[in-house]
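Read through the structure below, which is laid out as structure tokens, and then see the notes.
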């Protein structure tokens, strides 16, 4: 018995009284007292977390028909050895563990004279069904995504990796929430040192509650400032399985339809499952298109402002005159105009995300037809600048996982370009590049396999080679722990 735990007492009335005291008389804690085998018992469960049909068919009907027994120990032995009742049947000896089971959808049986309680898995709470993910769409891959129920997510992974090498370890974190976490890894692929370090990081979590992946990711990342996160998230079980095969580790959080992937590569943000469904030449073209869209999203407004303000000699005469005609009536500087347009877009985007979906059409009409058109016609914003900003924003949407960092970098580069021209952009680009190259997680470089360079890994980074060749490369994170 752990220190500070409240032990299950042989007195049933005492246990019931302490259960009511610990729960504060909560209305959803149901205590059903009955007699079976000549022994007084109580079945405790949580309303809304159990299936009424399951608990009736699997628990109540078999238990109430038990013949006379001498004591509680004989009764429990008979239930455990002779009756199946449910597949998941844990035994607990303290009330804290009993409450954790009750709040997880178990029914817990207490008996007069027994210093332990039996749990029966009869979960039946409402949950969202398996649906296609909203943020990671694809054309030719599976259309299944994770749900908020951790057991369902575990089954989706197991369906795709039917190997005993796949290990799933359940644990609870959060002093108040007791949130279930699942550590997933391939025991024959993941480095042992990586697993040991991740477990130490998880042991440092002393939060009262865990409601999303953002509560956990800071504990499994470096404490140094990182522009891009060294851990990834995905809501697709097929994508997660591909990471596990490469020796990564995943963390599932109960109540969250996203899985944390450790460690993450920068180049993975530009890869999708469809890359492996199409011909290699098309997949390579799309991958380089995403690289270009990322650079355009970060640099285009800054480069436009820097060239117009400080380096007009880089433009040919025709283009220069077009820009002069467009900007001569604008009352603000190029940098101020760009900041205004980008901030306006971020406000509109946030409004579209937070408002109810029926109001989304109104936001599009107001922002596109009224604000955008009026700003151009009134001369507050020039047409070329609005075009450059729209292209930059559109390019950021091509790589949605990097969009938060891209949004901030876009403003930073714009200010650097507006104040120091191309020289300022170059300085900031060097600082960002140094930060990206220095980013690592548990010794695994974020920029791999580019830096440090691994030729074998380039076949799925700079280009996408034929699947027959890819099956021979067997690229795993073990290479960086040698």
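The values are calculated or read from the model by the stated rules, or taken from the named source; none is laboratory data. Bear in mind the structure is a predicted one, so any value in this text is a computation, not a measurement. Cβ coordinates were reconstructed from backbone atoms using ideal geometry, including for glycine residues, and neighbour counts include every protein chain displayed.
Tell me the residue from 308, 239, 298 that is assigned by TED's automatic domain parsing to the domain that holds residue 188 and either touching a residue at least 24 places away in the same chain (Cβ under 8 Å) or not in a loop (DSSP other than H, G, I, E, B) (or both), please. Break it down stepwise before answering.
Working: 308 fails: assigned by TED's automatic domain parsing to the domain that holds residue 188; 298 fails: assigned by TED's automatic domain parsing to the domain that holds residue 188.
Within the list 308, 239, 298, the selection yields 239.
Pick out the one residue from 367, 333 that is at pLDDT below 80 and in contact with a helix residue (DSSP H, G or I) (Cβ under 9 Å, 6 or more places away or on another chain). Write out each step before concluding.
Working: 333 fails: at pLDDT below 80.
Exactly one residue qualifies, and that residue is 367.
Any idea how many residues of the stretch 175-210 are part of a loop (DSSP other than H, G, I, E, B), at pLDDT 90 or above and within 19 Å of the chain's Cα centre (by Cα)?
4
Could you list, in sequence order, the residues of the stretch 8-19 that are surrounded by 14 or more Cβ atoms within 10 Å (Cβ to Cβ) and more than 17 Å from residue 70 (Cα to Cα)?
Result: 8, 9, 15, 16, 18, 19.
Could you list, in sequence order, all residues of the stretch 7-37 that are closer than 21 Å to residue 78 by Cβ and in contact (Cβ under 8 Å) with a residue 12 or more places away in the chain?
Correct list: 8, 10, 12, 15, 32, 33, 34, 36, 37.
So, of the residues in the stretch 83-104 that are free of Cβ contacts under 8 Å to residues at least 60 places away in the same chain and under 30 Å from the mean Cα position of the chain (by Cα), which turns out to be farthest from residue 178 (Cα to Cα)? Steps first, answer last, please.
Residues of the stretch 83-104 that are free of Cβ contacts under 8 Å to residues at least 60 places away in the same chain, as a first pass: 83-91, 101.
Right, trim to under 30 Å from the mean Cα position of the chain (by Cα) and you get 87-88, 90, 101.
Numbers: 87: 22, 88: 19, 90: 17, 101: 10 Å.
Per the stated criteria, the residue is 87.
Based on what the data block shows, is residue 470 assigned to a helix (DSSP H, G or I), over 27 Å from the mean Cα position of the chain (by Cα), without any contact (Cβ under 8 Å) to a residue 40 or more places away in the chain and within 28 Å of residue 281 (Cβ to Cβ)? Before you say what the answer is, go through the steps one by one.
On the way: assigned to a helix (DSSP H, G or I): yes; over 27 Å from the mean Cα position of the chain (by Cα): yes; without any contact (Cβ under 8 Å) to a residue 40 or more places away in the chain: yes; within 28 Å of residue 281 (Cβ to Cβ): yes.
The answer is yes for residue 470.
Among the helices (runs of 4 or more DSSP H) confined wholly to the stretch 56-148, which include 3 or more residues that are buried (at least 17 other Cβ atoms within 10 Å of the Cβ) and at pLDDT 85 or above? Working first, answer last.
Values: elements: 61-64, 72-82, 95-102.
Helices (runs of 4 or more DSSP H) meeting the threshold: 72-82, 95-102.
Yes/no per residue for (1) touching a helix residue (DSSP H, G or I) at 6+ places or on another chain (Cβ under 7 Å); (2) without any contact (Cβ under 8 Å) to a residue 40 or more places away in the chain:
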residue	(1), (2)
179	no, no
210	no, no
216	no, no
223	no, yes
269	yes, no
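Given the conditions (1) modelled with pLDDT under 80; (2) loosely packed, with under 13 Cβ neighbours inside 10 Å, report the number of the one that residue 382 does not fulfil.
Exception for residue 382: condition (2).
Assigned to a helix (DSSP H, G or I) and touching a strand residue (DSSP E or B) at 6+ places or on another chain (Cβ under 9 Å): does that describe residue 151? Steps first, please.
Details: assigned to a helix (DSSP H, G or I): yes; touching a strand residue (DSSP E or B) at 6+ places or on another chain (Cβ under 9 Å): yes.
Yes: the conditions hold for residue 151.
Of all residues in the stretch 440-456, how many are out of contact with any helix residue (DSSP H, G or I) (no Cβ under 8 Å at 6 or more places or on another chain) and surrounded by 15 or more Cβ atoms within 10 Å (Cβ to Cβ)?
1
Across the stretch 44-54, what is the total count of residues that are within 16 Å of residue 118 (Cβ to Cβ) and surrounded by fewer than 20 Cβ atoms within 10 Å (Cβ to Cβ)?
Counting residues in the stretch 44-54 that are within 16 Å of residue 118 (Cβ to Cβ) and surrounded by fewer than 20 Cβ atoms within 10 Å (Cβ to Cβ) gives 1.
Anything in the stretch 440-460 that is at pLDDT 80 or above and part of a loop (DSSP other than H, G, I, E, B)? List them, or say none. Write out each step before concluding.
The initial filter retains those residues of the stretch 440-460 that are at pLDDT 80 or above, namely 440-450.
Those that are at pLDDT 80 or above and part of a loop (DSSP other than H, G, I, E, B): 442, 443, 446, 447, 448, 449, 450.
When you check residue 170 against the structure, is it in contact with a helix residue (DSSP H, G or I) (Cβ under 9 Å, 6 or more places away or on another chain), part of a strand (DSSP E or B), in the same structural domain as residue 203 (by TED's automatic domain parsing) and at pLDDT 90 or above, yes or no? Outline the logic, then answer.
Numbers: in contact with a helix residue (DSSP H, G or I) (Cβ under 9 Å, 6 or more places away or on another chain): yes; part of a strand (DSSP E or B): yes; in the same structural domain as residue 203 (by TED's automatic domain parsing): yes; at pLDDT 90 or above: yes.
Yes, satisfied.
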